[in-house]
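Colleague: Here you go, one structure.
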Amino acid sequence: MGDLLKVAMPKGRIYKQAAKLLRSAGLPVPEEIDDSRKLIIPVPEMNMEFIMAKPVDVPTYVEYGVADIGIVGKDVLMEENRNVYELLDLGIARCRMSVIGLPDWRPALHPRVATKYPNVASQFFREKGQQVEVIKLNGSIELAPLIGLADRIVDMVETGQTLRENGLVEQEVLFEITSRLIANRVSYRMKNEPIQRLCDLLQDTVTQRA
Ligand SMILES: Nc1ncnc2c1ncn2[C@@H]1O[C@H](COP(=O)(O)OP(=O)(O)OP(=O)(O)O)[C@@H](O)[C@H]1O
Ligand SMILES: O=P(O)(O)OC[C@H]1O[C@H](OP(=O)(O)OP(=O)(O)O)[C@H](O)[C@@H]1O
């Protein structure tokens, strides 16, 4: 038996798609994990241990080496800026990060932008040479322009339903987002064989799906 791989798995919307991808790559992810509240799940059939993490924390566990590899959205990777290897675009949990406002938006004298992604948003507007005050929120970001906290937001758009139901419009797409396979830098060297094997297997599956 080779090295055990500790895998930081994001709970929530990415998990379902990640489990499906691993299963279609032939890996026996047990069905009972899907509805479990257990946080550390041994998967001996795969010589892995899943660490069920809040998505935004996945790069932290991987940087510190308490997880060898992890699955995380590109949005979180860009915002958190952790020292990890990005190994593979998994092509799952596809959405985009956009600038959003009310349809009658006009440039404000002191523009304010609300977002879950203050680092990404600040860099974006800085590069455009636009001075904006960035306000960090943790959810229901679309509220901000509706109640006057900010005149625009930077947030995720998938189906567009949230925008439609709240009368908001997308002004500009910053990035297309998918989930990525990441690795701890030391683990990538010390456990290279199993990590590379998994990476190749997933790459084949992702290519076949495309
Ligand atoms: N419609 C979407 N809205 C937000 N994130 C999406 C969407 N579709 C895919 N994603 C991906 O899913 C990740 C967020 O997953 P999820 O909503 O489960 O976590 P979360 O935002 O931390 O939620 P919570 O705070 O409720 O735990 C994002 O990082 C992004 O990569
Ligand atoms: O284009 P759509 O398909 O409508 O998806 C986009 C919405 O989903 C996410 O919110 P989430 O469900 O994570 O809720 P929260 O961030 O407000 O907690 C995101 O912040 C948008 O509000």
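The values are calculated or read from the model by the stated rules, or taken from the named source; none is laboratory data. Keep in mind it's a predicted model, so treat the numbers as computed, not measured. Reconstructed Cβ throughout: ideal geometry from the backbone, glycine too, with neighbour counts over all protein chains shown. To get the accessible areas, we keep the full protein, side chains included, count just its heavy atoms, and leave off ligands, DNA and RNA. Shrake-Rupley method; radii C 1.70, N 1.55, O 1.52, S 1.80 Å.
Colleague: Can you run down the residue pairs with Cβ atoms below 8 Å, 6 or more apart or on separate chains, where the first is in region 94-120 and within 13 Å of residue 153 (Cα to Cα) and within 10 Å of ligand 2 (Cβ to nearest atom) and the partner is among the basic types (Lys, Arg) and open to solvent by 40 Å² or more (accessible area, probe 1.4 Å)?
Modeller: Note: pairs meeting the criteria are 115/136; 116/136.
Colleague: With the requirement that a residue be touching a helix residue (DSSP H, G or I) at 6+ places or on another chain (Cβ under 9 Å) and more than 16 Å from residue 73 (Cβ to Cβ), what does region 97-117 give you?
Modeller: 99, 100, 101, 102, 105, 111, 112, 113, 114
Colleague: Right, another one. If I filter region 170-190 down to residues being out of contact with any Gly (no Cβ under 7 Å at 6 or more places or on another chain) and either open to solvent by less than 40 Å² (accessible area, probe 1.4 Å) or small (Gly, Ala, Ser) (or both), which single residue comes out as farthest from residue 101 (Cα to Cα)?
Modeller: 183
Colleague: Suppose we keep only residues that are away from ligand 1 (no atom under 11 Å from the Cβ) and surrounded by 11 or more Cβ atoms within 10 Å (Cβ to Cβ) within region 129-141. Which one would you say is farthest from residue 111 (Cα to Cα)?
Modeller: Restricting to residues being away from ligand 1 (no atom under 11 Å from the Cβ) and surrounded by 11 or more Cβ atoms within 10 Å (Cβ to Cβ), the top hit is 137.
Colleague: Pairs only if they're at least six apart or on different chains, beta carbon under 7 angstrom, first in region 157-186 and more than 30 Å from residue 204 (Cα to Cα), second assigned to a helix (DSSP H, G or I) and near ligand 2 (Cβ under 9 Å from one of its atoms); list them, first residue then second.
Modeller: Correct list of pairs: 169/163; 170/163.
Colleague: Any residue that is farther than 25 Å from residue 15 by Cβ, open to solvent by 80 Å² or more (accessible area, probe 1.4 Å) and away from ligand 2 (no atom under 16 Å from the Cβ) - is there at least one of those in region 154-165?
Modeller: No, every residue in region 154-165 fails to be farther than 25 Å from residue 15 by Cβ, open to solvent by 80 Å² or more (accessible area, probe 1.4 Å) and away from ligand 2 (no atom under 16 Å from the Cβ).
Colleague: Let me ask something else about it. Of the residues that make up region 181-194, is at least one modelled with pLDDT of 95 or more and within 16 Å of ligand 1 (Cβ to nearest atom)?
Modeller: Yes; the residues of region 181-194 include at least one that is modelled with pLDDT of 95 or more and within 16 Å of ligand 1 (Cβ to nearest atom).
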